[in-house]
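**Student:** Take this structure, written in structure tokens, and hold onto it; I'll ask about it next.
The values are calculated or read from the model by the stated rules, or taken from the named source; none is laboratory data. What you see is a predicted model; the values in this text were computed from it and never measured. Using ideal geometry, Cβ is built from the backbone for each residue, glycine included, and neighbour counts are taken over all protein chains shown. To get the accessible areas, we keep the full protein, side chains included, count just its heavy atoms, and leave off ligands, DNA and RNA. Shrake-Rupley method; radii C 1.70, N 1.55, O 1.52, S 1.80 Å.
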Amino acid sequence: MHLYDSRYLDKARNTMAVMLDFAVHYLHRDPDAFFELFINTGNAALFERGDVRTLAGTSGVELAYRVLSDSGSSFEMPAYRYTNGRSREFWAGWSLADYQYEKALSFEEISGHISLGEIIGICEGFRSATIKRLSEGLSWMDTVRVPDHMSDEDQKLFADRLDALIDPAHSNKTRLQKLRLLNGMSQSRLASESGVPVRTIQQYEQRQKDINMARFAQIMKLAAVLNCEPCDLLEQSPLN
């Protein structure tokens, strides 16, 4: 069950994205330390339950300032400008707000399983292909640019990767599937880069075939693409 109305979701994603991008790149804050302040000052609770003043009445820059002010931290107030290239921190914030909305978890619950730094790491490859200019009617927005949304495929990959990190021990996913998701790869991409047929990968992940009985050459090809040891793909091997 979602904790606030979907009409606020676009604003929530952009606010979180800008807040983290600004905090890291303009205020020079450690992302995990800043996110802890976001939670501890109560601003995360306001955000996640859809407080109108926070979601609709506050920009990401203003929210970053509010977090620091509420925590008693000293800070300067540099100017912030959107750029065509989006940072990992921006996409981490965008995705985190989307994930929190979809899962109806608190940010504290999410951060208990995975750090913001890890989320930033798995957002490395997520970029918007096109940029849209906002309304020219407001002079202060003339130079502001925002990205298109992530593609549905990228967003699903992000959510799958986050789920794989949050619950690796109790998930029913095979080790091959977990490693593929942690690398942000679709089955078709893994097949293309490894040379292992996509149908074979599907059969291993669905346990229709026993990967422990796979040819060693196949295991080596998959491990090379997934940046792991061959034994990590075998079902009896613990996935570190």
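**Student:** Failed condition for Ala191, given (1) assigned to a helix (DSSP H, G or I); (2) open to solvent by less than 70 Å² (accessible area, probe 1.4 Å); (3) within 22 Å of Glu153 (Cβ to Cβ); (4) touching a residue at least 12 places away in the same chain (Cβ under 8 Å), with all others met?
**Tutor:** So Ala191 meets the others, but not (4).
**Student:** May I pose another question? Report yes if Val52 is β-branched (Val, Ile, Thr) and closer than 15 Å to Ala12 by Cβ, otherwise no.
**Tutor:** When the stated conditions are applied, Val52 passes them.
**Student:** Working only within the range 57-114, note down all residues that are open to solvent by 50 Å² or more (accessible area, probe 1.4 Å) and of a type in the set (Lys, Arg).
**Tutor:** Within the range 57-114, Arg81, Arg88, Lys103 qualify.
**Student:** Using beta carbons and a limit of 8 Å, which pairs, at least six apart or on different chains, have the first residue in the range 195-220 and at positive phi and the second one among the basic types (Lys, Arg) and not in a loop (DSSP other than H, G, I, E, B)?
**Tutor:** Gly195/Lys221
**Student:** Quickly run through the range 12-56 and pick out the residues that are among the charged types (D, E, K, R) and either open to solvent by less than 30 Å² (accessible area, probe 1.4 Å) or not in a loop (DSSP other than H, G, I, E, B) (or both).
**Tutor:** Arg13, Asp21, Asp32, Glu36, Glu48, Arg53
**Student:** Still on this model: Kindly list, by first and then second residue, each pair from a residue in the range 149-177 that is under 14 Å from Arg13 (Cβ atoms) and open to solvent by less than 60 Å² (accessible area, probe 1.4 Å) to a residue that is at pLDDT 65 or above and of a type in the set (Gly, Ala, Ser), limited to pairs with Cβ atoms under 6 Å and residues at least 6 apart or on different chains.
**Tutor:** Taking only residues 6 or more apart or on different chains, the pairs are Phe158/Ser95.
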